[in-house]
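To keep things clear, I will list the structure first and then write my remarks on it.
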Amino acid sequence: MSRIEQLINEIEEFIESCKYQPLSNSKIIVNKEEMEELLVELRLRVPDEIKKYQKIISQQEAILADARTQAQNMIADANTQAEQLVSDHEIMQRAYQKANEVVEDARRQAQTIVEDAVNDANNIRQGAVTYTDNMLSSLQTIISNTVNESRQTYETFYQQLQDTYEVCTQNRNDLAGGVGEQETYYEQSYSDAQGDK
């Protein structure tokens, strides 16, 4: 409680303690000196109290201004942090997107490499099969030609042997002078030889 408030209370108490004038309910008898002392002190205290309140008010304004400044700084910091977080989030999103693109590109390249390898392997296998088949076909042709040539050679050789044999038989018949038994013998020998073949 300020001194002014105390003086006002004291004045009120003083007034309450004064006696009424005779035959009156509103007028009182006041001790002038005592009242003047209270009023003088009140007048002296008022400027000091006003200065004190003005100082408090100015301090309040400074405090409020400082609070406003701090609040504005906090809001600015919060906005900056929010913008930074948004920026960081966007950077992270772009990084994730780039990472996903790199992974997807690597997957596509790996798939292409695998497909190319499979195609190359299939081509090599098909080429090997075709080459082997061609070689086998050539070998079959060679064997077939060799068989045919061998058969022709054998048949020619066989025909030459048969012709020679017949010449020999004819020469023997001629040497025998046409003797019947000998001819029969030679012919039988020739028939036996034919049967052996």
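General observations
- Options Gln182, Gln159, Gln140; residue that is modelled with pLDDT of 70 or more and among the polar types (S, T, N, Q): Gln159
- Any chance Gln54 is open to solvent by 90 Å² or more (accessible area, probe 1.4 Å), at pLDDT 85 or above and either in a helix (DSSP H, G or I) or farther than 30 Å from Arg3 by Cβ (or both): no
The values are calculated or read from the model by the stated rules, or taken from the named source; none is laboratory data. It should be emphasised that the depicted structure is a prediction, and the values quoted were computed from it without experimental measurement. Cβ coordinates were reconstructed from backbone atoms using ideal geometry, including for glycine residues, and neighbour counts include every protein chain displayed. Heads up: the accessible areas ignore ligands, DNA and RNA and are worked out on the full protein's heavy atoms, side chains in. Shrake-Rupley method; radii C 1.70, N 1.55, O 1.52, S 1.80 Å.
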